[in-house]
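Engineer: Dropping the structure in here first, questions after.
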Amino acid sequence: MTAPHAPDWRYTPERPTLRVAAPFFAVATLGLLGSLLPPYEYGDGEPLFIFGLFMVTLGLVWASTRRDHRTWVDPAGPLLFFLVLALARDMSGGATSALAPLVILPILWMAMTGTRRDLVATGVLTAAMFLGPILLIGGPDYPANDWRRGLLWTAFAVLVAPVVQRMVRRLAQETARERWSLAELDGILRAARLTSIISTDLDGTIRSFSSGAEALLGYAEADLVDRHGPDHFHDPAEVVEVAAELGVEPGFGVFVELARRNAPSRIWTYVRADGEPVYVRLVITELRNPEGDVTGYLGVAIDVTAGVESERTLAEAETRWRLLMEHLPDMTVVMVDENFTIQVVAGAGAMRQGLQGTEGRNLSDVSNPDNFALLARLVTQAVDGTEGSAELHSSNTGDEHEVVVTPLPADGACPRALILARDVSRDRAHERELVQAKERAERIFTDAPHGVAVLSLSGELIQINAALESMIGTSHATVTGTPLNDFAAAYDDQISRHVANTIAQRGARVETEWTMRNLPGETLHVVVSSRVLEGTEGAADVILTNIVDVSERYRYEQQLAHLADHDALTGLVNRRRFNQELQNHLDDCERHGPSGAVLLLDLDHFKEVNDTLGHNVGDALIASTAALLRSGVRSTDVVARLGGDEFAILLTRADRAAATVVAQGIVDRIRDHARTLDGTMSRVTASIGVATVKAAAEHGGDILALADLTMYDAKDSGRNGVAVMEETPGNQSRTGARLEWKARIERAVDNGDFTLHLQPIMDLQTNQVRSAEALVRLSDSDELVMPSRFLHIAERTGLMPAVDAWVVEHSVALLARLQQLDPSFTLEVNLSGLSIGSPLIERAIVTALDHHGVDPSTLILEVTETAAVADIDAAREFAERMTALGCQFALDDFGAGFGSFYYVKHLLFDYIKIDGEFITHCHTSDVDRSILRSIVGIAHELGKRTVAEFVAESATLEVVRAEGVDLAQGHLIGEPVAFEEFVARFLTPLPAKS
């Protein structure tokens, strides 16, 4: 490709055009037409000749306009026009002709389109046209003085025409130069497709719009040329912002000011035709003419969108990096060069370590010598391309840091390293704590006093401690891998199920009781509690198991359970257990039909034995009687001591006849046995009442109550005998009488035939009566029937809850009256064991307290120990509900049963009423007094108050006072009396406050 030639600015006559020639044609035609029209002095043929010659002239001129280069035809036409003009002038009067001025047409034509040679020829022909006729023809048509005119026109052709030609030449050269410049500029504009070039006039109207601008902005040149520029593609908000910066009004004046200040390029936002923004670097310059005047403005812009977005992305990345560093509380980032000069500091830890603002300083200035020596070695390695790490203590705070020094790409010829320091003080402290915790856990595991084992999820032993080794009777190494279930006392899958439950309840502690047998053959009762421990760092999950030997506790609980269900003196089942066995039997009878019988036995004259020979002899008689009863029945039958000298026997497979035979045999054996004894014991016999299940079903009553009623028939018949309830309703007078008692009790409940007596209770600290016990009596005509005559029948016949409800309602009413005299007065109310937990009793208590407005804390509910033992769960739940209400509780007859202390531990009581057995003879019996002292001590340790019952003598009162008993009750203090008498004898109204 050859380089383009520089333009040739030498003058080349402009090619004539018809547009340029037209005025010349018009003037020449008008002038000649005037001369060719008659009249004229010559013949008719001459005008035609001149006209023809003129047409030839015109034809030559026309032909020259059609050619694209100069030929002989170009000057021929104008030169021939001199001949036409000379002939026409001669024909129209010679020197007087008006056609002489037409000579200027060829002169001007040659000056505009001809060469200098043509102008010389034109001057010669001009002189010839004027001087030739003067010389050749002369006057009068061409007078001699006409040479002056010829001289002037010749001088015009010779002197003025060249000047015109030079002016035309210069104009042509300037025009050509301008056209070339415009063409060159247009070429540049069209070639600069990556650059936007836009020019405007002084008002901002777009005059040129390059192809690069079209590509950049998406507008066509025709869309914006001759329209006001900035409004179309500049971001208005940005123009306003720059205007405020420059102190000018928003609009085109912003760009005028930038051009005036010759401001450097800056980033602008263009808005494309499709609405998308592009970023450009724009410089604006003034356009000036040769005289230096501003004629417009030129804006040159290049697309920098990619660069701007890259810079923004880089800036955002740097911002995010710094934010990330600054929000890493334990991280410090330092960039240093090979000379250890700090270049960049970042990270939230930099402030705490005192490194902020240390850019430009040497690393040795901010580090102690030891740290600098370590860091210098790591930085030198990093500069050489090797990453390194270490741990050190901060020079400023002393915190432990984990330092990593890594190489960075070289910046030019300067290698750099990046120091990443993370504060690991808390991590290291936590690790130390974990190590210590692990050591503690290992010590706990090893030194635990109970067995600890680590099991696999399949239940195999992985590790055991010393205590479990001792329990099993072998070492850890011997049992590793052995299933724990292999140590079961009897083959079962209890441990397997325990392991499965532990896995199913991950995170929870699962507990079970288990009986195991160790290698020496000993049976151990243990409590096994387990929890899954999740493995860490890929380790398998395991089960941590605690095995506690509770064999002693198990034996003790078994003993307590036996004592709770059995009579301690005889070993027979007690009332509670007997009732359970009886109910189970009755339930079986409901399914398979009635069978069996209940025998209720009471020893005759037993009280005489106790009174004359003492309780020890009486206990021996009770024990021997129990042995006789056990030996007289089958193993499937149940023998129970209900209390005192009262026994019950359940014959599970006996009809009326068989039961009668068994009962009579027992009576005979007891009588025969008593006859072998001395003294009063020889008079002891037995009275037995028999009630079959069938008879109870026929009479519609409680079988135990019916047997009890029948037993009284045997006593009424002279004792030492058996009374059997008929299985068909008929004449059975004594049992009928007791059933009549049931009816009387029911009527008393309905009609309110009961009455309450109050027995005073003395406070031994103040010797004042501030409380009492309410005791029920049955009004029968003029007789008050004592509770011993009817309460057992009420209990046997299921009427006790109704009786207790009546007692509660009326006791609270009496308490309200008593508190009018003494607001702090408290009242004890007895509850039968059959009433404990009864909704009827609870409703009666709540209703009465609310109705009479009595403070619940002044009502003391008294439950006998034997009643509580009858259903300990019901007693505890009842006590919890009533305690929540505010009532207080007293445990009556404490010491009468074997489980007294057990009940003190497990039941909620505020008062312990010590059984009269330990009070009556405490002033004469060291044993009774020691027991009394122990009971009082235990009660006070537990925060409970004590009441001594059956205080009948002054000596007894002095002993209980000396032993620390809080309250005393008995005939010495006062016997039970009616309300009015009680108030008169024991209460004095408090004086009114002034």
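The values are calculated or read from the model by the stated rules, or taken from the named source; none is laboratory data. Only a predicted model underlies this, so the values are computations on that prediction, with no experimental measurement involved. Here the Cβ positions follow ideal geometry from the backbone for every residue, glycine too, while neighbour counts run over all protein chains shown. What goes into the accessible areas is simple: the full protein's heavy atoms, side chains included, and nothing from ligands, DNA or RNA. Shrake-Rupley method; radii C 1.70, N 1.55, O 1.52, S 1.80 Å.
Engineer: Go through VAL499, VAL550, VAL526 for me and flag whichever is surrounded by 13 or more Cβ atoms within 10 Å (Cβ to Cβ), touching a residue at least 24 places away in the same chain (Cβ under 8 Å) and out of contact with any Ser or Thr (no Cβ under 8 Å at 6 or more places or on another chain).
Structural biologist: Sole residue among the options that is surrounded by 13 or more Cβ atoms within 10 Å (Cβ to Cβ), touching a residue at least 24 places away in the same chain (Cβ under 8 Å) and out of contact with any Ser or Thr (no Cβ under 8 Å at 6 or more places or on another chain): VAL550.
Engineer: So GLY94 passes all but one of these: (1) in contact with a Leu (Cβ under 9 Å, 6 or more places away or on another chain); (2) in contact (Cβ under 8 Å) with a residue 24 or more places away in the chain. Which condition number does it fail?
Structural biologist: With respect to (1) in contact with a Leu (Cβ under 9 Å, 6 or more places away or on another chain); (2) in contact (Cβ under 8 Å) with a residue 24 or more places away in the chain, GLY94 is out only on (1).
Engineer: Please work out which residue is nearest to THR115 (Cα to Cα), limiting yourself to the range 57-83 and to residues that are in a helix (DSSP H, G or I) and among the β-branched types (Val, Ile, Thr).
Structural biologist: Going through the qualifying residues, I end up with VAL73.
Engineer: Go through LEU457, LEU392, LEU461, LEU408 for me and flag whichever is assigned to a strand (DSSP E or B), within 19 Å of VAL542 (Cβ to Cβ) and open to solvent by less than 80 Å² (accessible area, probe 1.4 Å). Before the answer, list the steps.
Structural biologist: Values: LEU457 fails: assigned to a strand (DSSP E or B); LEU392 fails: within 19 Å of VAL542 (Cβ to Cβ); LEU408 fails: within 19 Å of VAL542 (Cβ to Cβ).
Going through LEU457, LEU392, LEU461, LEU408 in turn, just one is assigned to a strand (DSSP E or B), within 19 Å of VAL542 (Cβ to Cβ) and open to solvent by less than 80 Å² (accessible area, probe 1.4 Å): LEU461.
Engineer: Still on this structure, please answer the following. With the requirement that a residue be assigned to a strand (DSSP E or B) and open to solvent by 30 Å² or more (accessible area, probe 1.4 Å), what does the range 346-375 give you?
Structural biologist: ASN362 - this is the single residue of the range 346-375 that is assigned to a strand (DSSP E or B) and open to solvent by 30 Å² or more (accessible area, probe 1.4 Å).
Engineer: May I ask you to verify whether GLY187 is out of contact with any Asp or Glu (no Cβ under 8 Å at 6 or more places or on another chain) and either at pLDDT 75 or above or surrounded by 14 or more Cβ atoms within 10 Å (Cβ to Cβ) (or both)?
Structural biologist: Criteria not met by GLY187.
Engineer: Test HIS592 against the criterion of being in the same structural domain as LYS715 (by the TED database), open to solvent by 20 Å² or more (accessible area, probe 1.4 Å) and touching a strand residue (DSSP E or B) at 6+ places or on another chain (Cβ under 8 Å), and give yes or no.
Structural biologist: Considered against the rule, which asks whether it is in the same structural domain as LYS715 (by the TED database), open to solvent by 20 Å² or more (accessible area, probe 1.4 Å) and touching a strand residue (DSSP E or B) at 6+ places or on another chain (Cβ under 8 Å), HIS592 comes out as no.
Engineer: Right, here's the next one. Suppose we filter the range 474-485 for residues that are part of a helix (DSSP H, G or I), free of Cβ contacts under 8 Å to residues at least 24 places away in the same chain and either touching an Asp or Glu at 6+ places or on another chain (Cβ under 7 Å) or within 22 Å of ASP541 (Cα to Cα) (or both); how many remain?
Structural biologist: Within the range 474-485, the subset part of a helix (DSSP H, G or I) is 476-479, 484-485.
Remaining after also requiring free of Cβ contacts under 8 Å to residues at least 24 places away in the same chain: 476-479.
Okay, now just the ones that are also either touching an Asp or Glu at 6+ places or on another chain (Cβ under 7 Å) or within 22 Å of ASP541 (Cα to Cα) (or both), so 476-477, 479.
Residues in the range 474-485 being part of a helix (DSSP H, G or I), free of Cβ contacts under 8 Å to residues at least 24 places away in the same chain and either touching an Asp or Glu at 6+ places or on another chain (Cβ under 7 Å) or within 22 Å of ASP541 (Cα to Cα) (or both): 3 in total.
Engineer: Only one residue in LEU119, LEU99, LEU85 is in contact with a Lys or Arg (Cβ under 6 Å, 6 or more places away or on another chain) and open to solvent by less than 20 Å² (accessible area, probe 1.4 Å), so which one is that?
Structural biologist: Values: LEU119 fails: in contact with a Lys or Arg (Cβ under 6 Å, 6 or more places away or on another chain); LEU85 fails: in contact with a Lys or Arg (Cβ under 6 Å, 6 or more places away or on another chain).
Testing whether each residue is in contact with a Lys or Arg (Cβ under 6 Å, 6 or more places away or on another chain) and open to solvent by less than 20 Å² (accessible area, probe 1.4 Å) leaves just LEU99.
Engineer: Looking at the range 541-566, which of its residues are within 25 Å of ALA467 (Cβ to Cβ) and not in a helix (DSSP H, G or I)?
Structural biologist: The answer is ASP541, VAL542, ILE543, LEU544, THR545, ASN546, ILE547, VAL548, ASP549, VAL550.
Engineer: Helices (runs of 4 or more DSSP H) wholly in the range 640-716 with at least 2 residues that are open to solvent by 10 Å² or more (accessible area, probe 1.4 Å) and of a type in the set (Lys, Arg) - which ones?
Structural biologist: 656-675
Engineer: I've got another one for you. Yes or no: ASP602 more than 58 Å from the chain's Cα centre (by Cα) and over 15 Å from ALA648 (Cα atoms)?
Structural biologist: No.
Each row is one residue, and each column tells you yes or no for (1) over 30 Å from VAL366 (Cβ atoms); (2) within 42 Å of the chain's Cα centre (by Cα); (3) exposed (fewer than 14 other Cβ atoms within 10 Å of the Cβ).
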position	(1), (2), (3)
SER425	no, yes, no
PHE445	yes, yes, no
GLY451	yes, yes, no
GLU469	yes, no, no
VAL479	yes, no, no
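Engineer: Got a number for residues in the range 974-988 being at negative phi and either among the polar types (S, T, N, Q) or buried (at least 16 other Cβ atoms within 10 Å of the Cβ) (or both)?
Structural biologist: First, the residues of the range 974-988 that are at negative phi: 975-988.
If we keep only those that are either among the polar types (S, T, N, Q) or buried (at least 16 other Cβ atoms within 10 Å of the Cβ) (or both) too, we end up with 976-977, 979, 982-983, 986-988.
Qualifying residue count, the range 974-988: 8.
Engineer: Does the range 959-973 contain any residue that is surrounded by fewer than 21 Cβ atoms within 10 Å (Cβ to Cβ), at pLDDT 90 or above and within 26 Å of LEU563 (Cα to Cα)?
Structural biologist: no
Engineer: So for the range 298-315 (the condition being surrounded by 14 or more Cβ atoms within 10 Å (Cβ to Cβ) and at pLDDT below 75), does at least one residue qualify?
Structural biologist: No, every residue in the range 298-315 fails to be surrounded by 14 or more Cβ atoms within 10 Å (Cβ to Cβ) and at pLDDT below 75.
Engineer: With respect to GLU291, determine if the residue is more than 17 Å from TYR219 (Cβ to Cβ), under 60 Å from the mean Cα position of the chain (by Cα), at pLDDT below 85 and open to solvent by 70 Å² or more (accessible area, probe 1.4 Å).
Structural biologist: Considered against the rule, which asks whether it is more than 17 Å from TYR219 (Cβ to Cβ), under 60 Å from the mean Cα position of the chain (by Cα), at pLDDT below 85 and open to solvent by 70 Å² or more (accessible area, probe 1.4 Å), GLU291 comes out as no.
Engineer: Can you tell me how many residues within the range 264-277 are assigned to a loop (DSSP other than H, G, I, E, B) and surrounded by 15 or more Cβ atoms within 10 Å (Cβ to Cβ)?
Structural biologist: Taking the range 264-277 first, the residues assigned to a loop (DSSP other than H, G, I, E, B) are 264-265, 272-276.
With the extra rule that they be surrounded by 15 or more Cβ atoms within 10 Å (Cβ to Cβ), the set shrinks to 265.
Matching residues across the range 264-277 total 1.
Engineer: On to the next question. With assigned to a strand (DSSP E or B), assigned by the TED database to the domain that holds LYS913 and either β-branched (Val, Ile, Thr) or surrounded by fewer than 19 Cβ atoms within 10 Å (Cβ to Cβ) (or both) as the only criterion, which of SER779, SER771, SER788 stands out?
Structural biologist: Of the residues listed, the single one that is assigned to a strand (DSSP E or B), assigned by the TED database to the domain that holds LYS913 and either β-branched (Val, Ile, Thr) or surrounded by fewer than 19 Cβ atoms within 10 Å (Cβ to Cβ) (or both) is SER779.
Engineer: Another question, if that's okay. Can we say HIS585 is at pLDDT below 90, more than 13 Å from GLY643 (Cα to Cα), in the same structural domain as LEU642 (by the TED database) and surrounded by 12 or more Cβ atoms within 10 Å (Cβ to Cβ)? Show your work before the answer.
Structural biologist: Details: at pLDDT below 90: no; more than 13 Å from GLY643 (Cα to Cα): yes; in the same structural domain as LEU642 (by the TED database): yes; surrounded by 12 or more Cβ atoms within 10 Å (Cβ to Cβ): yes.
No.
Engineer: Residue check, ALA144 against (1) open to solvent by less than 10 Å² (accessible area, probe 1.4 Å); (2) over 25 Å from ALA21 (Cβ atoms), all met but one. Which one?
Structural biologist: (1)
Engineer: Give the residue, chosen from LEU827, LEU834, that is open to solvent by less than 50 Å² (accessible area, probe 1.4 Å) and in contact with a helix residue (DSSP H, G or I) (Cβ under 9 Å, 6 or more places away or on another chain).
Structural biologist: It is LEU827.
Engineer: Out of the range 669-715, which residues are of a type in the set (Ser, Thr, Tyr) and under 19 Å from PHE578 (Cα atoms)?
Structural biologist: First pass over the range 669-715, keeping only residues of a type in the set (Ser, Thr, Tyr): 676, 680, 682, 685, 687, 692, 710, 712.
Listed by number, the residues that qualify are THR692, THR710.
Engineer: Could you check how many residues of the range 522-540 are within 17 Å of LEU468 (Cβ to Cβ) and over 27 Å from the mean Cα position of the chain (by Cα)?
Structural biologist: Residues meeting the conditions: 9.
Engineer: Checking THR826 against (1) closer than 20 Å to VAL977 by Cβ; (2) β-branched (Val, Ile, Thr); (3) within 54 Å of the chain's Cα centre (by Cα): exactly one of these is not met. Which one?
Structural biologist: Exception for THR826: condition (3).
Engineer: Just give me the residues in the range 837-870 being open to solvent by 30 Å² or more (accessible area, probe 1.4 Å), of a type in the set (A, V, I, L, M) and at pLDDT 80 or above, in sequence order.
Structural biologist: If the condition is that a residue be open to solvent by 30 Å² or more (accessible area, probe 1.4 Å), of a type in the set (A, V, I, L, M) and at pLDDT 80 or above, then LEU840, VAL846 are the ones that fit.
Engineer: May I pose another question? Do any residues in the range 706-724 that are touching a residue at least 60 places away in the same chain (Cβ under 8 Å) have Cβ atoms under 7 Å from those of residues that are open to solvent by 40 Å² or more (accessible area, probe 1.4 Å) and of a type in the set (S, T, N, Q), where the two are at least six apart or on different chains, and which pairs are they?
Structural biologist: As it stands, the answer is VAL722/THR660; VAL722/GLN664; VAL724/THR660, since those pairs meet every condition given.
Engineer: Sticking with this structure for a sec: Could you say which residue among THR570, THR512 is surrounded by 12 or more Cβ atoms within 10 Å (Cβ to Cβ) and assigned to a loop (DSSP other than H, G, I, E, B)? Give the derivation first.
Structural biologist: Working: THR512 fails: assigned to a loop (DSSP other than H, G, I, E, B).
Unique residue meeting the criteria: THR570.
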